[in-house]
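Values in this text are rule-based calculations from the coordinates and carry no lab data. Here the structure is a predicted model, which is why all the values come from computation and not from measurement. Neighbour counts run over all protein chains shown; Cβ positions are idealised from the backbone, glycine included.
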Amino acid sequence: MKPIYYCYFSSPVGRLLMLEQDGKLTNLDCEAEQTTPNPKWIFDENRPLFDEVKAALTRYFNGEKETFAQIPLAPQGTDFQQAVWTALRKIPLGETATYGGLAQALDNPKAVRAVGGAVGSNPISIIIPCHRVLGKNRQLTGFGGGLPVKRFLLDLEGVAYVDKGVEYVKQKLLKKYKI
């Protein structure tokens, strides 16, 4: 098994945890999703990929149009999850999708709940923009990093949404660390 490197990035939405394996980003987690790093992981904040991700995130948080297209990604998941995450990457900055719309785009209109599960298990927050998925009628729905973070990201991108109040998200207890 190839080594897994990690580091943190201080952002306007809190400290983000980045994981890299074999020169590709495998995870980018908000604070609400994080746990203590695995002792087998190697802390190294000077990896070229981490510098690239930090620079792209800085541009994004500064309001620049950042697509993250140059960042090599290797999220770990099923074929269906991979298809959903690929569809998420096609949602342009400042635009949104619904779970039903994503299911339609995958030619599987009955898979709305499965799409929701795949969106919720996205291991690379922000870069794979699961925050751009809203419920029916543009209603704000859950987000692994917490709704305050989702609100911040949508506001940063100038996205209008319907906010029904505060929600607290339960931690996923490392289910997403499959590497």
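Data for the structure
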read-out	value
Over the chain: Rg over Rh, Cα atoms, Kirkwood Rh	0.94
Cβ-derived FRET efficiency at R0 45 Å, Gln104 paired with Glu64, nearest 0.05	0.90
DSSP beta bridge pairing in the chain, given as percent antiparallel to the nearest 5	65
Residue-averaged 222 nm ellipticity for the chain, from DSSP H runs of 4+ at -39500 (n - 2.57), nearest 500	-8500 deg cm²/dmol
The range 41-156: relative contact order as a whole-number percent, Cα under 8 Å and 6+ apart	23
Principal axis box of the range 9-115, alpha-carbon based, largest edge first, Å	43, 34, 25
